[in-house]
Amino acid sequence: MAHDTSRPSNNNRQSIDTLKTSGFERRLSIAKTSLNIGRRWAGNSMSGIFLDKQARSKRNQVFMEAQANYVAEELGKLKGSVVKIGQMLALYGEHILPPEITKALQTLNDDTATLTWPKIEQTLQHILGDKLNELEVDSVPIGTASLAQVHRATVLETGEQVVLKIQYPGVAEAIDSDLALFKRLLKVSNVVPQTRALDTWFEEIRDLLHNEVDYNTEAATTERFYSRLVDDPRYIVPKINRHYSSKRLLCMTYEPGVSVTSESLQLISHERRNAIGQAAIEVMMQEIFVWGEMQTDPNFGNYLVRISDNVDELDKLILLDFGAIRQFDNTLLTIARNLLRAGYHHDHQLMVEGMTGYDFFNTMSDKVRSDIASLFLLATEPFSHPDANPDIPADCLDEQKRYIWADSKLHSRISERATQAIQSFEFNLPPKEFMFISRKFIGAYTFLTVINAHTNSEKLVKPFL
């Protein structure tokens with residue numbers, strides 16, 4: 001949950017006194033939505049009864065889009081884990097959801113109404129007791145999300161600047177009922193086929209959410225990443241203050257910086273932006289290939305940049321929010337490393353041989369395996385050695401043979417190739433872990449495109465082979 005410290009907080013954002021976190025209120029809200037959807041669906045079916053097949057199909061698609069947007073709009077009013085569930089489904093559910101619902105769910109936004117200060121203060125009083133008197137807390141939040149709100153504070157005795165990530169009351173307890181309500185809503189709205197794959201994803205989302213609302217776990221994860229990166233001058237990880245932290249409250253050092261989309265970042269030299277981009281992708285490689293645990297939320301709002309005023313000092317990448325962490329086992333890491341090696345050498349046969357270890361790969365015919373290997377070779381283009389890969393478009397490399405992410409149109413080229421590959425066989429859902437990693441790469445692609453970074457594949461990949 002990032003906050004751009006280069007600009008003031010928005011004091012005009014709508015404020016609310018209470019969250020609909022009680023089971024009854026949320027059931028009532030979802031029930032109303034379900035009822036309205038049922039009525040609309042019946043009305044659409046009846047009014048389209050005399051249309052020919054093509055007209056009915058077109059009309060149904062328009063109706064489906066309207067339904068999906070209505071669902072997303074109603075969910076957005078609830079805050080809490082309902083919004084987070086929608087966001088997670090939008091992020092990872094493109095293989096199991098119709099495009100209309102994925103697109104609508106992508107509009108669910110963390111930056112919604114803030115909870116009023118008296119409610120937040122009451123929550124802090126409940127969690128901290130007398131310790132709250134040791135802090136001076138700014139009543140205006142510097143960040144909001146679906147599960148929590150962030151406020152700056154000063155430790156009165158030392159003057160230390162900290163931030164408090166305060167979980168909204170009741171959201172942790174509402175996760176299981178929210179999931180059940182969300183599934184019911186999707187069922188009633190007829191926008192999603194009820195499949196085993198959907199059930200599996202809901203179980204995955206349940207685990208991720210329960211993990212994300214446990215701030216003791218997030219504190220421990222943040223401390224692990226802090227100790228891994230504390231000696232690397234390119235990175236800043238906030239330091240956890242355990243004295244004020246608990247299961248529902250996280251206290252850490254305040255780390256000012258600017259957002260990735262900030263104009264001030266565009267004003268620094270291109271070589272400095274290249275260094276920031278290289279640092280961003282290198283830490284991701286460490287996550288996957290060295291530490292075996294990855295921040296799975298690809299939102300580049302989870303980064304800030306501290307631009308250096310001193311020419312002798314590096315600009316620093318601030319890594320925030322270690323709630324959505326996923327651990328990977330050695331089997332997956334071995335497969336991922338083999339696929340990366342094949343991509344680095346741009347070797348089709350090596351890629352085919354590396355595709356093993358999951359039913360997803362083992363049930364493919366030779367033709368499909370070859371097509372998917374070609375897709376993976378394209379996806380690993382930025383990580384391939386330029387001398388080994390004649391397929392890199394000429395305008396995607398600079399004079400030092402570094403990869404130019406912003407000119408690559410890689411995402412659309414992969415989508416096009418994926419559509420062709422998927423049409424060629426009865427599509428199985430990829431392993432969840434692969435979907436997390438591919439999403440992370442898409443997040444990195446967006447980040448590096450926004451700051452227009454050029455990266456060196458040899459420096460990125462060789463250490464991990």
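Tabulated values for the structure
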read-out: Across Lys247/Lys440; Lys84/Lys239; Lys165/Lys440; Lys103/Lys247; Lys401/Lys432, pairs whose alpha-carbon gap is larger than 32 Å; value: Lys103/Lys247; Lys401/Lys432
read-out: Segments 382-392, 451-461 sorted - mean Cβ within 10 Å per residue, highest first; value: 451-461, 382-392
read-out: Segment His126-Asp138, extension gain: residue separation times 0.36 nm, minus the distance between their alpha carbons; value: 2.6 nm
read-out: Segment Thr446-Glu263, length gained on full extension (0.36 nm per residue, minus Cα span); value: 64.2 nm
read-out: Segment 322-378-segment 282-297 distance, computed between alpha-carbon centres (Å); value: 17
read-out: Residues Arg242, Arg369 arranged by fewest to most Cβ contacts within 10 Å; value: Arg242, Arg369
read-out: Amide H contacts of Ile236 (H built 1.01 Å from N, under 5 Å, at least 5 apart or other chain); value: Leu317, Ile318, Leu319
read-out: Length gained when the stretch Leu378-Glu458 is fully extended (0.36 nm per residue, less Cα-Cα span); value: 27.1 nm
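All of the numbers you see were taken from the coordinates with simple rules; none came from a lab. These figures come from a predicted structure and were not determined experimentally. With ideal geometry, Cβ positions are generated from the backbone for all residues, glycine too; neighbour counts draw on all protein chains shown.
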